[in-house]
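To start, the structure under review is shown below, and the notes come after it.
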Amino acid sequence: MTTLLSIRDLTVNYRRDGSEVAALRSINLDIAASERLAIIGESGSGKSTLALAIAGLLPASSISGRIDRPGLDHAPIPGRDIGFVFQDPSGSLDPVMPVGKQIAEVVRTHLGLTWRQAYAKARTLLERVRLPDPDSALDAFPHQLSGGQKQRVAIAAAIAAGPKLLIADEATSALDTIVQAEIVALIRQLVAEDGMTLVFISHDIALAAELAERIAVFRHGELVECGATAQIVETPRQAYTRALLDAHIGLDAEPLLGRHSLGHTR
Ligand code: ADP
Ligand code: MG
(Lines give C-alpha, C1' and ligand atoms only; values in the text may rest on other atoms or scores of the structure.)
(Ligands and ions follow the chains in the order given, each with its own letter.)
Protein backbone atom coordinates (compact mmCIF):
# COMPACT_ATOMS: atom_id res chain seq x y z
CA MET A 1 0.00 0.00 0.00
CA THR A 2 1.46 3.36 -0.99
CA THR A 3 1.45 6.09 1.62
CA LEU A 4 0.06 9.35 0.30
CA LEU A 5 0.60 11.30 3.46
CA SER A 6 2.20 10.71 6.82
CA ILE A 7 1.48 12.87 9.86
CA ARG A 8 3.81 12.62 12.85
CA ASP A 9 3.37 14.29 16.21
CA LEU A 10 1.42 17.15 14.64
CA THR A 11 0.44 19.90 17.04
CA VAL A 12 -1.33 23.07 15.96
CA ASN A 13 -1.82 26.08 18.20
CA TYR A 14 -3.82 29.11 17.18
CA ARG A 15 -3.19 32.42 18.86
CA ARG A 16 -6.32 34.23 19.90
CA ASP A 17 -6.50 37.37 22.07
CA GLY A 18 -2.93 36.83 23.20
CA SER A 19 -3.51 33.27 24.38
CA GLU A 20 -2.96 29.95 22.60
CA VAL A 21 -5.72 27.59 21.53
CA ALA A 22 -4.53 24.00 21.07
CA ALA A 23 -6.47 22.87 18.00
CA LEU A 24 -4.55 19.62 17.45
CA ARG A 25 -2.34 17.74 19.90
CA SER A 26 0.34 15.21 18.86
CA ILE A 27 -1.53 13.64 15.98
CA ASN A 28 -0.09 10.56 14.25
CA LEU A 29 -1.91 9.40 11.16
CA ASP A 30 -1.02 7.82 7.83
CA ILE A 31 -3.24 8.15 4.80
CA ALA A 32 -2.83 5.54 2.06
CA ALA A 33 -3.12 6.36 -1.62
CA SER A 34 -6.67 5.77 -2.91
CA GLU A 35 -8.18 5.08 0.50
CA ARG A 36 -11.40 6.64 1.76
CA LEU A 37 -10.79 7.99 5.24
CA ALA A 38 -13.38 9.74 7.40
CA ILE A 39 -12.47 12.26 10.08
CA ILE A 40 -15.26 12.58 12.61
CA GLY A 41 -15.84 14.45 15.84
CA GLU A 42 -17.90 17.24 17.33
CA SER A 43 -17.63 20.83 16.23
CA GLY A 44 -14.35 22.30 17.48
CA SER A 45 -12.55 18.95 17.67
CA GLY A 46 -9.91 20.04 15.15
CA LYS A 47 -11.18 18.44 11.93
CA SER A 48 -10.91 21.50 9.68
CA THR A 49 -7.56 22.37 11.19
CA LEU A 50 -6.31 18.93 10.16
CA ALA A 51 -7.56 19.54 6.61
CA LEU A 52 -5.73 22.87 6.44
CA ALA A 53 -2.55 21.30 7.83
CA ILE A 54 -2.70 18.49 5.25
CA ALA A 55 -3.05 21.06 2.47
CA GLY A 56 -0.14 23.09 3.82
CA LEU A 57 -2.37 26.10 4.41
CA LEU A 58 -1.45 26.87 8.02
CA PRO A 59 1.38 29.26 8.95
CA ALA A 60 4.51 27.32 9.88
CA SER A 61 4.67 29.22 13.17
CA SER A 62 1.47 27.54 14.39
CA ILE A 63 2.60 23.99 13.58
CA SER A 64 4.99 21.56 15.18
CA GLY A 65 5.65 17.99 14.10
CA ARG A 66 5.92 16.69 10.55
CA ILE A 67 3.71 16.12 7.57
CA ASP A 68 5.36 14.10 4.82
CA ARG A 69 3.60 13.81 1.50
CA PRO A 70 5.37 11.03 -0.38
CA GLY A 71 2.36 10.63 -2.67
CA LEU A 72 1.96 14.35 -3.39
CA ASP A 73 4.23 17.14 -4.48
CA HIS A 74 6.15 18.39 -1.51
CA ALA A 75 4.42 21.73 -1.53
CA PRO A 76 1.02 20.67 -2.85
CA ILE A 77 -0.87 23.30 -4.80
CA PRO A 78 -4.41 23.55 -3.40
CA GLY A 79 -6.87 23.24 -6.26
CA ARG A 80 -4.46 21.19 -8.36
CA ASP A 81 -3.06 18.42 -6.15
CA ILE A 82 -5.70 18.69 -3.47
CA GLY A 83 -9.35 19.43 -4.20
CA PHE A 84 -11.53 20.96 -1.49
CA VAL A 85 -15.28 20.86 -1.04
CA PHE A 86 -16.73 22.85 1.85
CA GLN A 87 -20.06 22.98 3.64
CA ASP A 88 -21.25 26.13 1.91
CA PRO A 89 -20.82 25.98 -1.88
CA SER A 90 -21.68 29.68 -2.14
CA GLY A 91 -18.42 30.38 -0.31
CA SER A 92 -16.33 28.78 -3.05
CA LEU A 93 -18.41 29.98 -6.01
CA ASP A 94 -18.30 33.49 -7.43
CA PRO A 95 -21.89 34.81 -7.44
CA VAL A 96 -21.40 37.00 -10.51
CA MET A 97 -19.68 34.52 -12.82
CA PRO A 98 -21.39 31.74 -14.81
CA VAL A 99 -20.46 28.38 -13.30
CA GLY A 100 -19.04 27.05 -16.57
CA LYS A 101 -16.54 29.91 -16.66
CA GLN A 102 -15.59 29.28 -13.03
CA ILE A 103 -14.79 25.63 -13.71
CA ALA A 104 -13.06 26.48 -16.99
CA GLU A 105 -10.86 28.94 -15.10
CA VAL A 106 -9.71 26.24 -12.66
CA VAL A 107 -8.87 23.99 -15.58
CA ARG A 108 -7.03 26.75 -17.46
CA THR A 109 -5.04 27.85 -14.43
CA HIS A 110 -3.86 24.40 -13.41
CA LEU A 111 -3.74 22.48 -16.68
CA GLY A 112 -2.82 25.27 -19.08
CA LEU A 113 -5.58 24.59 -21.59
CA THR A 114 -7.11 27.08 -24.01
CA TRP A 115 -10.52 28.57 -23.14
CA ARG A 116 -12.15 26.37 -25.76
CA GLN A 117 -10.58 23.21 -24.33
CA ALA A 118 -11.32 24.37 -20.82
CA TYR A 119 -15.01 24.92 -21.59
CA ALA A 120 -15.24 21.49 -23.18
CA LYS A 121 -13.73 20.02 -20.03
CA ALA A 122 -16.10 22.08 -17.86
CA ARG A 123 -19.06 20.68 -19.77
CA THR A 124 -17.80 17.12 -19.27
CA LEU A 125 -17.38 17.84 -15.56
CA LEU A 126 -20.92 19.19 -15.24
CA GLU A 127 -22.10 16.00 -16.93
CA ARG A 128 -20.01 13.89 -14.56
CA VAL A 129 -21.56 15.55 -11.49
CA ARG A 130 -24.93 14.92 -13.18
CA LEU A 131 -26.34 18.38 -13.52
CA PRO A 132 -29.62 17.88 -15.41
CA ASP A 133 -28.77 20.03 -18.43
CA PRO A 134 -24.99 20.56 -18.66
CA ASP A 135 -25.20 22.85 -21.71
CA SER A 136 -27.41 25.44 -20.05
CA ALA A 137 -25.73 24.84 -16.69
CA LEU A 138 -22.49 26.20 -18.20
CA ASP A 139 -24.17 29.61 -18.46
CA ALA A 140 -26.05 29.48 -15.15
CA PHE A 141 -25.17 31.73 -12.24
CA PRO A 142 -24.92 30.11 -8.80
CA HIS A 143 -28.15 31.75 -7.56
CA GLN A 144 -30.07 29.99 -10.32
CA LEU A 145 -29.14 26.59 -8.92
CA SER A 146 -30.48 24.70 -5.91
CA GLY A 147 -28.25 24.00 -2.90
CA GLY A 148 -27.59 20.45 -4.09
CA GLN A 149 -26.82 21.62 -7.64
CA LYS A 150 -24.42 24.28 -6.33
CA GLN A 151 -22.64 21.62 -4.32
CA ARG A 152 -22.37 19.52 -7.51
CA VAL A 153 -20.75 22.50 -9.26
CA ALA A 154 -18.37 22.99 -6.32
CA ILE A 155 -17.42 19.29 -6.58
CA ALA A 156 -16.87 19.66 -10.33
CA ALA A 157 -14.51 22.59 -9.64
CA ALA A 158 -12.74 20.65 -6.89
CA ILE A 159 -11.94 17.69 -9.15
CA ALA A 160 -11.43 19.75 -12.33
CA ALA A 161 -7.63 19.75 -12.22
CA GLY A 162 -7.44 16.03 -11.42
CA PRO A 163 -6.28 16.17 -7.77
CA LYS A 164 -4.90 13.03 -6.13
CA LEU A 165 -6.60 13.94 -2.87
CA LEU A 166 -10.15 15.19 -2.37
CA ILE A 167 -10.98 16.72 1.00
CA ALA A 168 -14.70 17.13 1.68
CA ASP A 169 -15.13 19.21 4.86
CA GLU A 170 -18.76 18.91 6.05
CA ALA A 171 -19.64 18.95 2.35
CA THR A 172 -23.11 17.52 2.89
CA SER A 173 -23.90 19.03 6.29
CA ALA A 174 -26.05 21.89 5.00
CA LEU A 175 -28.14 19.68 2.71
CA ASP A 176 -31.35 17.84 3.50
CA THR A 177 -31.22 14.08 3.93
CA ILE A 178 -32.16 13.02 0.40
CA VAL A 179 -29.77 15.43 -1.32
CA GLN A 180 -27.12 14.44 1.23
CA ALA A 181 -27.41 10.79 0.17
CA GLU A 182 -27.16 11.78 -3.51
CA ILE A 183 -24.02 13.84 -2.92
CA VAL A 184 -22.44 11.03 -0.89
CA ALA A 185 -23.16 8.61 -3.76
CA LEU A 186 -21.71 11.09 -6.25
CA ILE A 187 -18.52 11.57 -4.23
CA ARG A 188 -18.14 7.80 -3.93
CA GLN A 189 -18.49 7.37 -7.70
CA LEU A 190 -16.10 10.20 -8.67
CA VAL A 191 -13.47 9.06 -6.18
CA ALA A 192 -13.65 5.50 -7.55
CA GLU A 193 -13.56 6.62 -11.20
CA ASP A 194 -10.54 8.88 -10.74
CA GLY A 195 -8.73 6.73 -8.16
CA MET A 196 -8.61 9.70 -5.77
CA THR A 197 -7.83 9.50 -2.09
CA LEU A 198 -10.76 10.82 -0.05
CA VAL A 199 -10.69 12.57 3.31
CA PHE A 200 -14.34 12.91 4.28
CA ILE A 201 -14.81 15.22 7.26
CA SER A 202 -18.11 15.08 9.12
CA HIS A 203 -19.71 15.32 12.53
CA ASP A 204 -22.07 12.57 11.33
CA ILE A 205 -20.64 9.12 12.04
CA ALA A 206 -23.40 7.31 10.11
CA LEU A 207 -22.70 9.28 6.95
CA ALA A 208 -18.98 8.74 7.41
CA ALA A 209 -19.55 5.00 7.76
CA GLU A 210 -21.42 4.95 4.44
CA LEU A 211 -18.51 6.37 2.55
CA ALA A 212 -15.28 5.54 4.34
CA GLU A 213 -13.18 2.39 4.68
CA ARG A 214 -11.51 3.78 7.78
CA ILE A 215 -12.63 6.24 10.43
CA ALA A 216 -10.51 8.49 12.64
CA VAL A 217 -12.32 9.93 15.66
CA PHE A 218 -11.23 13.33 16.97
CA ARG A 219 -12.08 14.96 20.28
CA HIS A 220 -10.72 18.22 21.69
CA GLY A 221 -7.84 18.13 19.21
CA GLU A 222 -6.85 14.56 19.96
CA LEU A 223 -7.12 11.49 17.79
CA VAL A 224 -8.94 9.20 20.20
CA GLU A 225 -9.47 6.20 17.96
CA CYS A 226 -8.82 5.09 14.41
CA GLY A 227 -9.74 1.87 12.67
CA ALA A 228 -11.62 0.08 9.93
CA THR A 229 -15.18 1.37 9.58
CA ALA A 230 -16.74 -1.93 10.67
CA GLN A 231 -14.55 -2.06 13.77
CA ILE A 232 -15.32 1.52 14.76
CA VAL A 233 -19.05 1.10 14.23
CA GLU A 234 -19.46 -2.41 15.68
CA THR A 235 -16.83 -2.56 18.41
CA PRO A 236 -15.66 0.97 19.25
CA ARG A 237 -12.91 0.98 21.86
CA GLN A 238 -13.60 4.42 23.23
CA ALA A 239 -16.65 5.51 25.19
CA TYR A 240 -16.64 8.74 23.18
CA THR A 241 -17.02 6.88 19.88
CA ARG A 242 -19.84 4.82 21.39
CA ALA A 243 -21.48 8.08 22.45
CA LEU A 244 -21.29 9.43 18.91
CA LEU A 245 -22.89 6.23 17.63
CA ASP A 246 -25.59 6.14 20.30
CA ALA A 247 -26.44 9.78 19.79
CA HIS A 248 -26.85 9.18 16.08
CA ILE A 249 -28.90 6.04 16.28
CA GLY A 250 -31.14 7.88 18.75
CA LEU A 251 -32.05 4.84 20.85
CA ASP A 252 -34.80 5.22 23.41
CA ALA A 253 -32.17 5.13 26.11
CA GLU A 254 -30.68 8.53 26.91
CA PRO A 255 -27.69 8.94 24.64
CA LEU A 256 -24.44 9.67 26.46
CA LEU A 257 -24.23 12.91 24.56
CA GLY A 258 -27.31 14.79 23.51
CA ARG A 259 -27.88 15.41 19.85
CA HIS A 260 -27.69 19.06 20.49
CA SER A 261 -24.06 18.90 21.58
CA LEU A 262 -23.21 17.03 18.39
CA GLY A 263 -24.79 19.66 16.22
CA HIS A 264 -27.23 17.27 14.58
CA THR A 265 -29.89 18.84 12.48
CA ARG A 266 -31.91 15.72 11.77
P1 ADP B 1 -13.83 21.49 13.65
O2 ADP B 1 -13.56 21.61 12.20
O3 ADP B 1 -13.73 20.09 14.17
O4 ADP B 1 -15.13 22.13 14.06
P5 ADP B 1 -11.66 23.42 13.95
O6 ADP B 1 -10.45 22.77 13.40
O7 ADP B 1 -12.36 24.40 13.11
O8 ADP B 1 -12.67 22.28 14.46
O9 ADP B 1 -11.28 24.15 15.32
C10 ADP B 1 -10.51 23.54 16.34
C11 ADP B 1 -10.29 24.54 17.46
O12 ADP B 1 -9.48 25.60 16.99
C13 ADP B 1 -11.56 25.16 17.99
O14 ADP B 1 -11.38 25.37 19.37
C15 ADP B 1 -11.62 26.48 17.25
O16 ADP B 1 -12.31 27.45 18.00
C17 ADP B 1 -10.16 26.85 17.12
N18 ADP B 1 -9.88 27.63 15.90
C19 ADP B 1 -10.13 27.25 14.62
N20 ADP B 1 -9.69 28.18 13.74
C21 ADP B 1 -9.14 29.18 14.48
C22 ADP B 1 -8.50 30.42 14.17
N23 ADP B 1 -8.32 30.82 12.89
N24 ADP B 1 -8.07 31.19 15.20
C25 ADP B 1 -8.23 30.79 16.47
N26 ADP B 1 -8.80 29.63 16.84
C27 ADP B 1 -9.26 28.83 15.87
MG1 MG C 1 -14.80 22.29 10.69
All strands (runs of 3 or more DSSP E) inside segment 1-111 with 2 or more residues being surrounded by fewer than 17 Cβ atoms within 10 Å (Cβ to Cβ): 3-16, 19-32, 63-68
Residues within segment 195-247 that are among the aliphatic types (A, V, I, L, M), in a strand (DSSP E or B) and surrounded by fewer than 19 Cβ atoms within 10 Å (Cβ to Cβ), tallied: 2
Give all pairs with beta carbons closer than 7 Å in which a residue from segment 70-95 that is more than 21 Å from Leu175 (Cβ to Cβ) meets a residue that is within 16 Å of ligand 1 (Cβ to nearest atom) and of a type in the set (Phe, Trp, Tyr); count only pairs at least 6 apart in sequence or on separate chains. Pro78/Phe84
Mind telling me which of the residues Pro134, Pro70, Pro76, Pro95 ends up being away from ligand 1 (no atom under 16 Å from the Cβ) and touching a Pro at 6+ places or on another chain (Cβ under 8 Å)? Pro95
Cβ-Cβ distance below 6 Å, separation of 6 or more or different chains: which pairs start in segment 127-151 with a residue that is free of Cβ contacts under 8 Å to residues at least 12 places away in the same chain and on the phi < 0 side of the Ramachandran plot and end on one that is part of a loop (DSSP other than H, G, I, E, B) and open to solvent by less than 10 Å² (accessible area, probe 1.4 Å)? none
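Run down Ile183, Ile167 and say which single residue is within 16 Å of ligand 1 (Cβ to nearest atom) and either in a helix (DSSP H, G or I) or within 15 Å of the chain's Cα centre (by Cα) (or both).
Ile167
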Which of the residues that make up segment 63-119 are more than 16 Å from ligand 2 (Cβ to nearest atom) and charged (D, E, K, R)? Arg66, Asp68, Arg69, Asp73, Arg80, Asp81, Asp94, Lys101, Glu105, Arg108, Arg116
Leu113 is checked against (1) farther than 24 Å from Leu52 by Cα; (2) under 14 Å from the mean Cα position of the chain (by Cα) and fails just one. What number does that condition carry? (2)
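The values are calculated or read from the model by the stated rules, or taken from the named source; none is laboratory data. Please read these numbers as outputs of a predicted model, since none were measured by experiment. Glycine also receives a Cβ, built like all others from the backbone with ideal geometry; neighbour counts cover every protein chain displayed. With ligands, DNA and RNA removed, areas are computed over all heavy atoms of the protein, side chains included. Shrake-Rupley method; radii C 1.70, N 1.55, O 1.52, S 1.80 Å.
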